[in-house]
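The values are calculated or read from the model by the stated rules, or taken from the named source; none is laboratory data. Predicted, not measured: the structure shown is a model, and the values here were computed from it. Virtual Cβ from ideal backbone geometry, glycine too; neighbours counted across all protein chains shown. Only protein heavy atoms, including side chains, enter the accessible area calculation; ligands, DNA and RNA are left aside. Shrake-Rupley method; radii C 1.70, N 1.55, O 1.52, S 1.80 Å.
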Amino acid sequence: MLTHLRPALVLLALFTVLTGVIYPLLITAIAQATMPYQANGSLIVSKGTVLGSTLIGQNFTDAKYFQPRPSATNTPDPKDATKTIDAPYNAANSSGSNLGPTSQALVDRVKAAIEAKRAAGVSGPVPADAVLTSASGLDPDISPENALSQVPTVAKARGLDQDKLRALVESQIQTRLMGIIGEPHVNVLKLNLALDGLS
Amino acid sequence: MTLNGWLQIILVLGLVLVSVRPLGLYMARVFEGQKTFLSPVLSPLEHGFYVLAGVKPDKEQGWLSYTLAMIVFSLAGFASLYAILRLQAYLPWNPQGFDNLPPDLAFNTAISFLTNTNWQAYSGETTMSNGSAMLGLTVHNFLSAATGIALALAVTRAFARASASTLGNFWVDVTRATLYVLLPISILLALVFVFTGSPQTLLGSVDATTLEGAKQTIALGPVASEEAIKQFGTNGGGFFNTNSAHPFENASALANYLQIWSMIVLSTALLITFGKMVGSERQGWALVSVVGVFVIVGIGAVYAAEAWGNPILNALGVDPTLGNMEGKEIRFGEAMTAMFAVVTTGLSCGAVNAMHDSLMPLGGMVTLFMIQLGEVLPGGVGSGLYGLIVFAILAVFIAGLMVGRTPEFLGKKIEAREIKLAMLAVLILPLSMLSFSAVAAVLPSVVATLGNAGPHGLTEILYAYSSATGNNGSAFAGLNANTPWWNTTLAIAMVLGRFAYVVPVMAIAGSIVTKKRASASAGTFPTDRSLFVGLLVGVILIVGGLQFFPALALGPIVEHVLMLSSKTF
């Protein structure tokens, strides 16, 4: 045992310096020098204010914006730190719902979300991502079908022409890379920024 | 299921297949001590390490000494990581001002990282400082993977050598694995992850003002550097709570391809290294085929279950086109989520790009079953190789019984001692997984920590102990695992799964290495043909899987049947 002690401790110390200090700092230096946009979180900055990250979803509640997917993130309850309260798109505490397929809580939540969609005038099958929460709670994207289904609501809230709005959504659809890689999607923050630019 | 989904799966599998041979042969050169193109740079560093550590690189160790070295190294790593986590408030790089971890959580996390499990009882962005992520988690991602590779090499040398007594030098293997394999590729991977969108900064977070005027605090940190080795070393402990589902860990469909590639490539390449070192590359490819069978069938099963969607929700008016989207990200879609889920559980990586708790009953069952089969497909870096070899030994034994000949594997006679030790290793996994689950399921205080009721709750318990024992680390995360009961029992399960498994395996290696190599004759059962591949698949399923069937029937299978009759809990 004791003959192994010196190599164990010395190698552990050397590798801690090499892989725990030099390696991450080297990557940080290279990344900050050559790819500062990504290395700092792909932030959208306007007039000195950070508006968000293109990779991190934001909570939108106002009817004049396209709505993201529902989010299961939470935050400690300010009144009782042992409990949590809902805080959609809390980018300091990513979380999924972790509800299983036969969960009554899931069924109740989806039922309420579908009723809300029906009240907003959506008919026919509701796009799955409009009522189901993402894994991270921070999904920046929605499906093109979901975005298009929201066109009438947003057009009404903004007093915009539906065709013009539909064209905007279609211009924001990111298709599969080389026709194969990935899934078609719309980045909600980018879409809403373009929408603000339109009005 | 769509054609495009399968095209994507085939594309990633193709990328893996073209990479395993160059990487496998490169590793064979590294571990046989030959010069490689990196030697001019790394050789002085490597020998400097040996001098400081007092390691004589030419002095080889027998199986017991090699295993003891591994255990001492792991204990030292545990002590260091535990200390870092308990003292993080006083250590550098804590811009978030996080407190020290409580003892049970630090204990669990330290065990988890040194066993290459990386179970996440912690929630990255709310508990771990950047300093802990770098000095603690990143370091042990490297070292636990290097340890796994070293053990795999020891087993490999047992078959490669004849009438010998030593299996190599643990310190040399760990040093070379880190310097020549893990570090260079992690540097490249980390930079590509930054390119795809993973942050790499020493800042803790940034505050944004959203379009609606609310404040959003966005957690940042040195993500890419941890991400690279987390995937490449099949560690799987995330920088963020939601792991590879978080857009900063896995930013796009392309990043997701790279994540899957990097978690499967090294373990699979080690099978080629094994083949090359024992003198039969074909043997390596036969083992790769076994892995291929499990991975492809598994992906198909999960993909089918998930793409079908949840019938209870579809009946409420949800469009079934996208499949079951609860707990999944839009940018990955069903196909690449299914592939990620199967690769991460089959491989004992444990990273997740979807919440496995929200998978359909049968989709979740496949991921659970992949873990329960043991670290064989091809397991965590290194450990998969020796998991597979244990089953290969059992397979030739069973074939030997059928035809009445003494079993041989790669010219080495397999005798009573090896079979006893192999069975001991194989039985430890179900013993830990099922016994702990059985006890936990009847404790009311444990049942209170479950996130879901009904049969799904039982699956959460089974998954937790399977994941810990299998050193996987993924979770049905509805379970609140950050309690003293879970932190402690899961840590014990992780230790059993790593060390109680590897000691018998190393004893097998110690006995195999001393044997003569018999030359192949007409009566030798060829172990590099499709007949053997089929036999090995069967043995893994029957010996490794059958004992879990009753438990699976009570969990996911009964949940599936109840779901079809719209029963909820």
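Helix A:23-34 and the longest principal axis of the Cα set of chain A meet at an angle near 50°. Please grab the % of Cα pairs in the stretch A:1-98 that end up more than 19 Å from each other. Tail of P(r) above 19 Å: 68 percent of Cα pairs.
Taking every protein chain into account, the accessible area of the stretch B:423-569 amounts to 38 square angstrom per residue (probe 1.4 Å). Dividing the summed -39500 (n - 2.57) terms of all DSSP H runs of n ≥ 4 by the residue count of chain A sets its mean residue ellipticity at 222 nm at -13000 deg cm²/dmol. Shape call for chain B from the C-alpha gyration tensor, a ≥ b ≥ c root eigenvalues: rounded (a/c under 1.5), prolate (a/b greater than b/c) or oblate? Oblate, because a/c is 1.5 or more while a/b does not exceed b/c.
Here's the list of lysines a cross-link from A:Lys83 could span, going by alpha-carbon distance under 27 Å and ignoring same-chain residues fewer than 8 apart: A:Lys111, B:Lys215, B:Lys328. Relative contact order of the stretch A:43-198: 25 percent, from C-alpha pairs under 8 Å at least 6 residues apart in sequence.
Candidate cross-link partners of B:Lys276 among the aspartates and glutamates, defined by an alpha-carbon separation under 15 Å and a same-chain spacing of 8 or more, comprise B:Glu32, B:Asp528. Of the Cα atoms belonging to the stretch B:421-460, the radius of gyration and Dmax stand at 13.0, 39 Å.
Rounded to the nearest whole Hz, the Karplus-based 3J(HN,Hα) values (6.51 cos²θ - 1.76 cosθ + 1.60, θ = phi - 60°) of the stretch B:37-51 follow the sequence 5, 8, 4, x, 7, 8, 4, x, 4, 4, 6, x, 4, 4, 5, with x at glycine and proline. So if R0 is 60 Å, what FRET efficiency would B:Lys35 and B:Ser521 give, r being the distance between their Cβ atoms, rounded to the nearest 0.05? E between B:Lys35 and B:Ser521, to the nearest 0.05, is 0.95. Relative contact order of chain B: 19 percent, from C-alpha pairs under 8 Å at least 6 residues apart in sequence.
Taken along the Cα-to-beta-carbon direction at a fixed 7 Å, the label points for B:Leu401 and A:Lys79 span 6.5 nm. When Rg and Dmax are taken over the Cα atoms of chain A, they come to 22.4, 80 Å.
From largest to smallest, the equivalent ellipsoid semi-axes obtained for the stretch B:480-522 from the alpha-carbon gyration tensor read 41, 10, 4 Å. Dividing the summed helix terms, -39500 (n - 2.57) for each DSSP H run of n ≥ 4, by the number of residues in chain B produces a 222 nm estimate of -19000 deg cm²/dmol to the nearest 500.
Here's the list of aspartates and glutamates a cross-link from A:Lys190 could span, going by alpha-carbon distance under 12 Å and ignoring same-chain residues fewer than 8 apart: A:Asp141. Shown for chain B: the carbon plus sulfur share of the solvent-accessible area, taken with all protein chains present and a 1.4 angstrom probe, equals 70%.
Output the residues of the stretch A:171-189 meeting this criterion: accessible area (heavy atoms, 1.4 Å probe) in the chain alone minus accessible area with all protein chains in place is 30 Å² or greater. Those are A:Ile180, A:Ile181, A:Gly182, A:Glu183, which lose 30 Å² or more relative to the chain on its own. Once a ≥ b ≥ c are taken as the square roots of the eigenvalues of the Cα gyration tensor of the stretch B:444-485, is the result rounded (a/c under 1.5), prolate (a/b larger than b/c) or oblate (a/b not larger than b/c)? Note, shape of the stretch B:444-485 comes out oblate.
Compute the FRET efficiency between A:Ala112 and B:His47 as 1/(1 + (r/R0)^6), taking r as their Cβ-Cβ distance and R0 = 51 Å, and round to the nearest 0.05. Here the calculated transfer efficiency is 0.15.
Considering only the other residues whose Cβ falls under 9 Å of the Cβ of A:Glu145, what net charge follows from Lys and Arg at +1 and Asp and Glu at -1?
-2
Across the stretch B:7-116, Cα pairs under 8 Å and at least six residues apart give a relative contact order of 16 percent.
Overall form of the stretch B:172-248: prolate. Here a/c, set by the Cα gyration tensor axes a ≥ b ≥ c, is 1.5 or more, and a/b is the larger of a/b and b/c. Centroid-to-centroid, using Cα positions, the stretch B:521-560 and the stretch A:16-73 are 45 Å apart. Take chain A with all the other protein chains still there, run a 1.4 Å probe, and you get 43 Å² of accessible area per residue. Its Kirkwood hydrodynamic radius, worked out from the mean inverse distance over all distinct Cα pairs, puts the stretch B:24-266 at 19.1 Å.
What the pair-distance distribution of the stretch B:58-172 shows, using all Cα-Cα distances binned every 10 Å from zero, is 14, 39, 23, 16, 7, 1 percent.
Taking both sides together, the accessible area buried where B meets A is about 8300 Å² for a 1.4 Å probe.
Just to confirm, what accessible area per residue do you get for the stretch B:24-266 at 1.4 Å probe, in whole Å²?
28 Å²
Panel note: contact residues of the stretch B:167-184 (accessible area lowered by at least 40 Å² against the chain on its own; 1.4 Å probe) correspond to B:Trp171, B:Leu183. Whole-percent P(r), the protein assembly as shown, all Cα pairs, 10 Å bins from 0: 3, 15, 26, 26, 18, 9, 3, 1, 0.
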